[in-house]
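Colleague: Attaching a single structure in structure tokens format; questions to follow.
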Amino acid sequence: MRSRADVRTRLTAAVAAALAIVLAASGAYTEISRRDLQVLSRSQLIFIATVRKDGNQSKAAPVWFTVSADRNAILIQTGPKTWKAKRIRRGSPVLVWIGAANGPAFIGKAEITSDAAVEKKILDDFREKYWLNRVLGVGPSRAE
């Protein structure tokens, strides 16, 4: 049985790896385009790939997402020890496809954040958007 401190530590580590994918490749924040917002509003998944040290693209992985309150970023959650998180910490650009592996795409800049407001938004939005999270508890949760 896990201790409360162990559970709290694991939850903090997982939520601290929340990613904000900033849509401006230059590093300046911009608002998500109207076209992309329309496609995002109809999509359950985005597909994300990063760039390996050797310069090759990783395999695109489907992930749950939400959009930041100011509409300038797509928010996802991943574990701190995933390859995706390691590459983003190293500065890898993020390749994003909306809705399908061949959907509308863009290249963005990602950052890892431990901002409590971002973490709360991800948890709240995932619970509302994804029935697997709401009903079965799949994905990030406060109680984990």
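The values are calculated or read from the model by the stated rules, or taken from the named source; none is laboratory data. Worth saying up front: this structure is predicted, and the values here are computed from it rather than measured. Side chains included, ligands, DNA and RNA excluded: accessible areas come from the protein's heavy atoms. Shrake-Rupley method; radii C 1.70, N 1.55, O 1.52, S 1.80 Å.
Colleague: At 1.4 Å probe size, put Ile107, Ile32 in order of accessible surface, largest to smallest.
Modeller: Ile107, Ile32
Colleague: Sorting Trp83, Trp97 by accessible area (1.4 Å probe), largest first, what list results? The partial results should precede the final answer.
Modeller: Details: Trp83 165, Trp97 45 Å².
Most to least solvent-accessible, the answer reads Trp83, Trp97.
Colleague: Once the whole set of protein chains is in place, how much accessible area is left on Phe126, using a 1.4 Å probe, in Å² to the nearest 10?
Modeller: 0 Å²
Colleague: Moving on to the next point. Tell me, what ³J(HN,Hα) does each residue in the range 87-104 have, in order and in whole Hz, if you take phi through Karplus 6.51 cos²θ - 1.76 cosθ + 1.60 with θ = phi - 60° and put x for Gly and Pro?
Modeller: Each residue's phi maps through the Karplus curve to give 5, 5, 4, 6, x, 4, x, 10, 9, 10, 10, 9, x, 7, 5, 10, x, x Hz.
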